[in-house]
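Values quoted throughout were computed directly from the atomic coordinates according to the rules given, and no laboratory measurement underlies them. If you're wondering where the values come from, they're calculated on a predicted model, not measured in any experiment. Because the Cβ atoms are built from the backbone with ideal geometry, glycine has one as well, and the counts that use them run over all protein chains shown.
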Amino acid sequence: MKRAYSDRQFIINGVFIVVGVIFVLRLFYLQVIDRSYVLSANNNVFRYITQYPARGLIYDRNKRLLVINEATYDLMVVPNQVKRIDTADLCKLLEITTDEFNHRMEKAKIFSPFQPSIFEKQIPKETYGFIEEKLYKFQGFFIQSRTLRKYPQAAGAHLLGYVGEVSPAALEKNPYYKQGDYIGITGLERYYEKELRGKKGMQIRMVDVLNREVGSYQKGRYDTAAVMGTPLYTSIDVELQAYGELLMKNKRGSIIALEPATGEILAMVSSPTYDPNLLVGRVRAKNFSELYKDPLKPLLPRAIQGRYAPGSSFKMANDLIALQYGTLTASTYYSCQGEGSFPINCTHSHMTPLSVRDALAQSCNPFHWQVFNHFLNSPQFGGVKKAFQVWYDNIYSFGFGHKLGSDVSFELKGSIPTVKFYDKLYDKKWNTMTVRSLSIGQGEILTTPLQLANYCALLANRGYYYPPHIVRATGTPTNYITKFREKNTPKIDRQYYDLMVEGMAGVVDHGTGRSARMDSITICGKTGTADNSHGKPHSIFIGFAPKYNPRIVVCVIIENAGFGATWAGPISSLMIEKYLNRTIKRKDVEKRMVDFNMIQTNERPKELIR
């Protein structure tokens, strides 16, 4: 009699045989047919070379190149492949000491004995060929090509920014980057890093026992190509940018020029500045250290991080709010002597009493103090603090006290005091006299040059502004960035802006800003002389031109230069003339502005390496 289940042994044996055959066939496929898995078993004869993409090019508004790429080379090492080399010969080739060689090898081993790391970085193309032809003698070393930034116009250092090695913190946050990679540190290079960096590729190369590449593995079947970064098309006019930097030579301060109809920045000057080519290549570290220690702070982007009291340039903001709420009208007149006893005095000789238009032209401080005082004490608000909150909300809507949402890295928000701030500062016991300095743009108000230029664009447009920005399009000149097309419109009636523009036209025509007047172009502007705790007042001027359908807004701040009309006004008018006419007729004014030197001899930095 057949034992129960005896037939099952054949089934089980059959299953094992089938599984065995499957494994044999799979092994045959992997070892004979599909050679890709040989890679992991043969790392000692393969070299994995990262293909670094060139970063995206950057153009100005007229398609002139602002930033390009230049070839450079890194000497890489794989520590476990370094065998029986002439250390002294390699040190002589690289012009380093034996101690430095040992230090670099130890650092590479700590990173990884099996993965390549940089041994000598940024070898210039002039010496690359000489090193490469001798590299066969040094097993475990190979050359990897890279690109570095180059700035053909040598202008716009602060707005363009610079590139540097990725930091340990960035390595932890983003798996895309590896040690030795480059990343945008400041400016457009930082803000548009994802667009500019491109996409890395990989090559697998076969290497013989003499450290010589003998070809690509399987004819490059497993290689991936690097993808170049996306180009940026900016709104910068590089001629205007360079001209602004010339005018600000030997001065501390900034210039912002923008197109009011779009918010596009035409020029953004921070002075002192530096040649952006100084922070490229093997001299970058030394030059950065010298720039960082320089007492003039040339690395500081004053246009977006300088914080200044706006002075009299702020007066239109207070006037607009008072006009909107009916505490001021076009036919309101105040005496230059003011009402009662208060410490705000007029600094100009002019007729009195004045209307708001004439008070702007003459920059009358007592007039604007009374405007502010009557607004805060208006019974319609039910108290000074409630009125102050209305004032704050409107000032905020003008673009003050917050970042403007631009594509400028590290933009500061300035400072506009709040009810809460004064309650804490004065133990809730304050009134209009406590905050009277705000009426003339002093006190606790701090603004950036970018905010003042944006505020001037609001006035030029008669009631709206777009976020100020530098990049118009990415990829192609017509692939416009849409997020900068959102219009900001404070709740102020158009008629009141028209009144402000008339007053600003009077400033330049017959008022405090006559130094900015031109025969061929009607400029509307406002002078400002901002007191500060560090020496002479800052010279400020904001303006736009032409009066109707304005094409350019300019804000100029020169630190510790005195009256706004003396220096900032003429420089603003030269920037306007340069942009609208493309040439300068007033050579005497130009020479006086260029020759004006605010920097003492003992403050000058020493020559930097190029």
request  = Specify, per residue and in Å³, the volume enclosed by the convex hull of the alpha carbon atoms belonging to the range 192-338.
outcome  = 234 Å³
key: Loop-resident sites, the range 531-571, for chymotrypsin sites (Phe, Trp or Tyr not before Pro), counting at most 14 other Cβ within 10 Å (DSSP)   = 548
query = How big is the charge dipole of the range 238-603 about its Cα centre, in debye rounded to the nearest 20, if each Lys and Arg gets +1 on its Cβ and each Asp and Glu gets -1 on its Cβ?
reply = 520 debye
task = Give me the compactness ratio for the range 125-232, meaning the Cα radius of gyration over 2.2 N^0.38 Å.
result = 1.33
query = Picking from 225, 383, 356, whose Cα lies most toward the positive end of the charge dipole for the chain (charges on Cβ: Lys, Arg +1; Asp, Glu -1)?
reply = 225
key: Cα-Cα pairs of the range 531-581 separated by more than 17 Å (percent)   = 38 percent
request  = For the range 106-172, state which trypsin sites (Lys or Arg not before Pro) are in a DSSP loop and have at most 16 other beta carbons lying within 10 Å of their beta carbon.
outcome  = 134
message = Just to be sure I follow the rule: in the range 346-464, considering lysines 8 or more places apart or on different chains, how many pairs have Cα atoms under 19 Å apart?
response = 11
task = Place +1 on the Cβ of every Lys and Arg and -1 on the Cβ of every Asp and Glu in the chain, take the dipole about the Cα centre, and give the residue among 105, 164, 321 whose Cα lies farthest towards its positive end.
result = 105
key: trypsin sites (Lys or Arg not before Pro) lying in DSSP loop within the range 427-492, provided at most 14 other Cβ fall within 10 Å   = 428, 429, 487, 491
ask   = Over the chain, how many percent of alpha carbon pairs lie in each 10 Å bin up to the one with the longest distance?
value = 3, 14, 21, 18, 13, 10, 8, 6, 3, 2, 1, 0, 0, 0
task = May I ask for the angle, rounded to the nearest 10°, between helix 8-28 and the longest principal axis of the chain, with both axes built from Cα atoms and the value confined to 0 to 90°?
result = 70 degrees
remark   = In whole percent, the Cα-Cα distances of the range 475-610 spread across 10 Å bins from 0 upward as 11, 32, 29, 21, 7, 1
key: Cα-based reach from residue 137 at 20 Å (exclusive), listing lysines while leaving out same-chain residues under 8 positions away   = 83, 92, 121
query = Which whole-percent values make up P(r) of the range 238-603 when all C-alpha to C-alpha distances are grouped in 20 Å steps starting at zero?
reply = 30, 58, 12, 0
query = On a 0 to 90 degree scale, rounded to 10, what angle separates helix 384-397 from the longest Cα axis of the chain?
reply = 50 degrees
query = Quick one: helix 315-324 against the long Cα principal axis of the chain, what's the angle to the nearest 10°, folded into 0 to 90?
reply = 70 degrees
key: Positive minus negative residues near residue 471 (Lys, Arg vs Asp, Glu; Cβ under 10 Å)   = -2
note = If unit charges are put on Cβ atoms (+1 for Lys and Arg, -1 for Asp and Glu) and the dipole of the range 238-603 is taken about its Cα centre, the option from 425, 398, 280 lying farthest towards the positive end turns out to be 280
